[in-house]
Amino acid sequence: GLAARRVAVTAPFHTPAMEKPSRALGDFIEKIETRLPRIPVYSNVTAAPYPEDLEAIREQLAVHLARPVRFVEQIRAMHRDGARVFLEVGPGRVLGSLVQLQQGGIASRVIPSLRHALDEVDDGEALLAACGRLWNCGVGIDGERAGLWTRGQRIPLPLYPFQRKRF
C-alpha cells in the first residue's frame, strides 16, 4: 500500500563511500565567507538546529555528504519546536510528501517553491504562488527585498478625454 519509485543516482551519497569528496567539500567550504544564520536552520547530520559556531556548522555541512540523512528526526524536531509551515526549496514534491507522512496526524502546511515538471506554469508564476501561500499561512514576505515585484512604470496620458471619432 505504499507508493515507491526508483531514484536514479550517480553516486552513493550519504554513505562512507563519499568520505573523500566530503573532505574536498570541507576544504571548499573553508574558503567561503559564511555567517551565522539569523533563523533556526536544522542540520540533516544532527537533526537539531545548527549550533552558534561557524566552525561546527562548516564541519556538519562537509560531513553531510558522507553521513546518513536524519530527515525523520529533523522534521519531528522542527515540528516539536513549533514549525508548522514548511517550504520545499527544489524541484518536485518528494521532501514535502515525506514531511506530510511524518506528522502523525498533526497538521502542517508544505509549500513547494518551484513548479513540478508536469505543471503548466512558468517558474516565476510558481514562485509568486508559493509566496502567496506562505503569506496566507502567516509568514511575512518582503517582496521588495526579494525582488518578487518591481515598481510600475509611469506612462503619461493626454489631459483631454479620448474622443472616439473617425477621420
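Annotations for the structure displayed:
- Accessible surface computed residue by residue for the chain, with neighbouring protein chains in place and a 1.4 Å probe, gives 80 Å² per residue.
- Cα-based shape type of the stretch 57-116, given that a ≥ b ≥ c are square roots of the gyration tensor eigenvalues and the cut on a/c is 1.5: oblate
- Placing unit charges on the Cβ atoms only, positive for Lys and Arg and negative for Asp and Glu, gives the chain a dipole magnitude near 840 debye about its Cα centre.
- Carbon and sulfur %, accessible surface of the stretch 59-117 computed with the full protein complex present, 1.4 Å: 58 percent
- The three principal axes of the Cα atoms in the stretch 1-98 give end-to-end lengths of 46, 35, 21 Å, sorted in falling order.
- P(r) tail fraction, the stretch 1-57 - alpha-carbon pairs more than 19 Å apart, %: 52 percent
- From phi via Karplus (6.51, -1.76, 1.60), per-residue ³J(HN,Hα) for the stretch 49-54 in Hz, x at Gly/Pro: x, 4, x, 8, 9, 4
- With kT/(6 pi eta Rh) evaluated at 10 °C and eta = 1.306 mPa s, and Rh the Kirkwood radius from Cα pairs, the chain diffuses with a coefficient of 80 µm²/s according to Stokes-Einstein.
The values are calculated or read from the model by the stated rules, or taken from the named source; none is laboratory data. Everything numeric here is computed off the predicted structure, so don't read it as measured data. Cβ: placed from backbone, ideal geometry, glycine included. Neighbour counts: every protein chain shown. Ligands, DNA and RNA are stripped out before the accessible areas are found, and what is left, the full protein with its side chains, is counted by its heavy atoms. Shrake-Rupley method; radii C 1.70, N 1.55, O 1.52, S 1.80 Å.
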